[in-house]
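Right, one structure below, let's go through it.
The values are calculated or read from the model by the stated rules, or taken from the named source; none is laboratory data. Only a predicted model underlies this, so the values are computations on that prediction, with no experimental measurement involved. Positions of Cβ are backbone-derived with ideal geometry, glycine not excepted, and every protein chain shown enters the neighbour counts.
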Amino acid sequence: MNRPNKLHLGQFPTPMHRLDNMSRVLGRNIYIKRDDMTGVSTGGNKVRKLEYLLYDAKEKGADYVLTTGGAQSNHAMLTAACCNKIGIKAILVLKQRGVQGRVGNLLINELLGADVRFVDTDSYDDVYKEMDRIADELRAAGHNPYLVPVGGSVPLGTVGYVDCAREIFAEALEQDIKINRIVSTAGSGGTLAGLVLGAMLYGDGCKVTGVAVCDDPFEEITAELVNGAAEILGADVHVEPKDIDILRYYGAGYAQPSKEGLEAITLMAQQEGLILDPVYTGKAFAGLMHLIRTGKIGENETVLFLHSGGTASLFAVDPKDVK
């Protein structure tokens, strides 16, 4: 396959191990992939994507990187952190929605010295217009900006999670286990798409389920990213939206903590000493528990849960806000 070039920003491979206590409690064979330990800032899945995207930015001579997300965006924070490592300035153009103030990822953005700008809108169309306006200003001043869409979820970024899938199945071979299913969040689609494509290339029939954290059309988004990443890699793969397995289990909406998600966070902490977050991984593990309890994950399946990071957002929510 044709592998594009990338930077080496994170610490890979990340650990993968069995959750012995959770396996006993839930009655299934459950493993975890610790992509909360990718080695930049508080860790998280976006580092794998940014290795490709920031290589592209450097190759194009960029001196600014602009990206976006919600107020507590993990992707935006990790973009700023990775940009610090390579000497490029980051401008984070964030939706003025959700928890603000010097808490969670916004506190980390401050420590990183990121230039954070808010847009008072519910529409990413408005945010991208503002990013384009800022980029035009920078170009007029002689700079060369590089724009990264929300979550880094473009085909090039998606290749980072094809790498992760290859890593997962190599580790499974070393540990003499066969993974039947991977469960991950679906937040902007790129991580899920990379895992889907990687499972098709390396996974020997492994199924991938995405747990949606909002009501976006993830079947369509993910299929488009799978096909785009396959084209970059020169892989003979094509999927349709119907091929993408999505569980809609997000509660009241994006970044709104759910009762089930907080129960999953508490159970994981008390059984395994591991911390999930209320926006992504808490809801995703709650979805995994739902799949077990409804019999959709069979008794003989070995399941891998992708811990995609995001722990800082736990310190920006109040459990009383659960709906």
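Listed residues Asp126, Asp204; which is in contact with a strand residue (DSSP E or B) (Cβ under 8 Å, 6 or more places away or on another chain) and of a type in the set (D, E, K, R)?
Numbers: Asp204 fails: in contact with a strand residue (DSSP E or B) (Cβ under 8 Å, 6 or more places away or on another chain).
Among Asp126, Asp204, only Asp126 is in contact with a strand residue (DSSP E or B) (Cβ under 8 Å, 6 or more places away or on another chain) and of a type in the set (D, E, K, R).
For the range 245-260, indicate whether the set of residues that are touching a strand residue (DSSP E or B) at 6+ places or on another chain (Cβ under 8 Å), farther than 26 Å from Pro149 by Cα and outside any helix (DSSP H, G or I) is non-empty. Even if it seems obvious, please write down each step before you answer.
Pass one, the range 245-260, residues touching a strand residue (DSSP E or B) at 6+ places or on another chain (Cβ under 8 Å): 245-250.
Now restrict to residues that are farther than 26 Å from Pro149 by Cα: none.
No: zero hits.
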Quiz item: How many residues are closer than 20 Å to Ala172 by Cβ, out of contact with any helix residue (DSSP H, G or I) (no Cβ under 6 Å at 6 or more places or on another chain) and in contact (Cβ under 8 Å) with a residue 60 or more places away in the chain when one looks only at the range 1-19?
Solution: 2
Practice problem: Quickly run through the range 38-60 and pick out the residues that are buried (at least 24 other Cβ atoms within 10 Å of the Cβ) and among the β-branched types (Val, Ile, Thr). | Solution: Thr38, Val47
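For (1) at positive phi; (2) touching a helix residue (DSSP H, G or I) at 6+ places or on another chain (Cβ under 6 Å); (3) surrounded by fewer than 16 Cβ atoms within 10 Å (Cβ to Cβ); (4) among the β-branched types (Val, Ile, Thr), each residue gets a yes or a no:
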residue	(1), (2), (3), (4)
Ala223	no, yes, no, no
Pro241	no, yes, yes, no
Arg248	no, no, yes, no
Asp277	no, yes, no, no
Gly295	yes, no, yes, no
Quiz item: Which numbered condition trips up Leu92, out of (1) under 25 Å from Ala186 (Cα atoms); (2) outside any strand (DSSP E or B); (3) at pLDDT 95 or above?
Solution: (2)
Quiz prompt | Failed condition for Leu306, given (1) assigned to a strand (DSSP E or B); (2) without any contact (Cβ under 8 Å) to a residue 60 or more places away in the chain; (3) not β-branched (Val, Ile, Thr) | solution = (2)
Practice problem: Take Asp63 and decide whether it is more than 20 Å from Gly190 (Cα to Cα), surrounded by fewer than 23 Cβ atoms within 10 Å (Cβ to Cβ) and either in the same structural domain as Glu110 (by TED's automatic domain parsing) or at pLDDT below 95 (or both). | Solution: yes
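A quick yes/no check of all residues on (1) within 13 Å of Leu94 (Cβ to Cβ); (2) within 20 Å of the chain's Cα centre (by Cα):
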| site | (1), (2) |
| --- | --- |
| Arg117 | yes, no |
| Asp120 | yes, no |
| Glu130 | yes, no |
| Arg133 | no, no |
| Leu138 | no, no |
| His143 | no, no |
| Pro149 | no, yes |
| Gly152 | no, yes |
Quiz item: Tell me, which residue of the range 66-93 that is surrounded by 24 or more Cβ atoms within 10 Å (Cβ to Cβ) and polar (S, T, N, Q) is farthest from Thr158 (Cα to Cα)?
Solution: Gln72
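Just checking, how many residues over the range 158-178 are crowded, with 24+ Cβ neighbours inside 10 Å and either within 15 Å of Phe305 (Cβ to Cβ) or in contact with a Phe, Trp or Tyr (Cβ under 6 Å, 6 or more places away or on another chain) (or both)? Break it down stepwise before answering.
If we filter the range 158-178 for residues that are crowded, with 24+ Cβ neighbours inside 10 Å, which is where we start, we get 158-162, 164-165, 168.
Checking the rest, the ones that are also either within 15 Å of Phe305 (Cβ to Cβ) or in contact with a Phe, Trp or Tyr (Cβ under 6 Å, 6 or more places away or on another chain) (or both) come to 159-161, 164-165, 168.
Qualifying residue count for the region: 6.
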